[in-house]
Amino acid sequence: MKISSAKFVMSNTDVAHCPREPIPEYAFIGRSNVGKSSLINMLTGQKNLAKTSGKPGKTQLINHFKINNNWFLVDLPGYGYARVSKKDKKTFQKYIRDYFSKRKQLITAFVLIDIRHSAQEIDLRFMEWLGTHQIPFAIIFTKADKMSPKARSEQVSSYLKELLADVWEALPPYFITSSAKHTGRDEVLDYIEGINQQFYQNQ
Ligand code: GTP
Ligand code: MG
């Protein structure tokens, strides 16, 4: 898919105030610092569209970006980060849960996982939570440039094995990306394009 426009629309903490247009929406979620905002910039080809930082906890709101005037990308705060309240650190922030359970436009969630890490409890619990709410999701492994191609594929297969050992009978779609090297850009955008096409055909 070619990106012809990508614009910031609004930030807020309340799902009730998110944009009303009934167009397909994709949200990026994952632990703080995993590279959600960087990936949005890489996919849209705009370096500073979403704010990024070396320090965890940069994104604190629900941020809507309108792409090609007919779909939304959503940048969310990380879950499980210590700067938020103790209670939120253990669970997922309430407005994140509200966003995922109430946002009708949401078509697919992308759960971002740092490719260097083995399966972490909080990510597994979040995927399980998406499953119980029947929210379709795909996994995006980030920061692939930090590993050699061989180590990368070994790491991904062992991660997927851990997922199968957890609660999943079938594996979700997954992508290997690097925002630093622009890896995986076409794969993620083509996946979104396929879903958008189905959405607009069924209108
Ligand atoms: P929060 O908003 O705090 O939840 O973080 P985030 O998930 O949006 O992460 P962000 O995009 O701000 O990136 C965090 C750090 O990781 C920054 O220093 C980025 O430069 C770095 N980073 C992100 N993606 C990549 C990548 O693909 N490769 C490398 N090497 N670094 C990356
Ligand atoms: Mg961010």
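The values are calculated or read from the model by the stated rules, or taken from the named source; none is laboratory data. As the structure is a prediction and not an experimental result, all values here were calculated from the model. All Cβ positions, glycine included, derive from the backbone under ideal geometry; neighbour counts span all protein chains shown.
Being of a type in the set (D, E, K, R), at pLDDT 95 or above, within 16 Å of ligand 2 (Cβ to nearest atom) and outside any helix (DSSP H, G or I), is that true of even one residue in region 138-145? Checked against the condition, which is being of a type in the set (D, E, K, R), at pLDDT 95 or above, within 16 Å of ligand 2 (Cβ to nearest atom) and outside any helix (DSSP H, G or I), region 138-145 yields at least one hit.
Figure legend. Inter-residue proximity from region 41-55: first residues farther than 13 Å from residue 180 by Cα and away from ligand 2 (no atom under 13 Å from the Cβ), second residues part of a loop (DSSP other than H, G, I, E, B) and of a type in the set (A, V, I, L, M, F, W, C), beta-carbon distance below 7 Å, spacing 6+ or different chains. Indicated pairs: 44/3.
Residue-by-condition table, conditions (1) farther than 29 Å from residue 72 by Cβ; (2) within 15 Å of the chain's Cα centre (by Cα); (3) at pLDDT below 95; (4) acidic (Asp, Glu):
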{"position": "123", "(1), (2), (3), (4)": "no, yes, yes, yes"}
{"position": "161", "(1), (2), (3), (4)": "yes, no, yes, no"}
{"position": "173", "(1), (2), (3), (4)": "no, yes, no, no"}
{"position": "177", "(1), (2), (3), (4)": "no, yes, no, no"}
{"position": "183", "(1), (2), (3), (4)": "no, no, no, no"}
{"position": "186", "(1), (2), (3), (4)": "no, no, no, yes"}
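Name the residues in region 142-171 that are surrounded by 18 or more Cβ atoms within 10 Å (Cβ to Cβ) and within 19 Å of residue 39 (Cα to Cα), would you? Of everything in region 142-171, those that are surrounded by 18 or more Cβ atoms within 10 Å (Cβ to Cβ) and within 19 Å of residue 39 (Cα to Cα) turn out to be 142, 143, 144, 147, 152, 156.
Taking region 56-69 as the search range and keeping residues that are within 11 Å of ligand 2 (Cβ to nearest atom) and closer than 13 Å to residue 8 by Cβ, which one is surrounded by the most Cβ atoms within 10 Å (Cβ to Cβ)? Top of the filtered list is 63. So which residues in region 1-40 are part of a helix (DSSP H, G or I) and more than 24 Å from residue 199 (Cα to Cα), if there are any at all? Correct list: 36, 37, 38.
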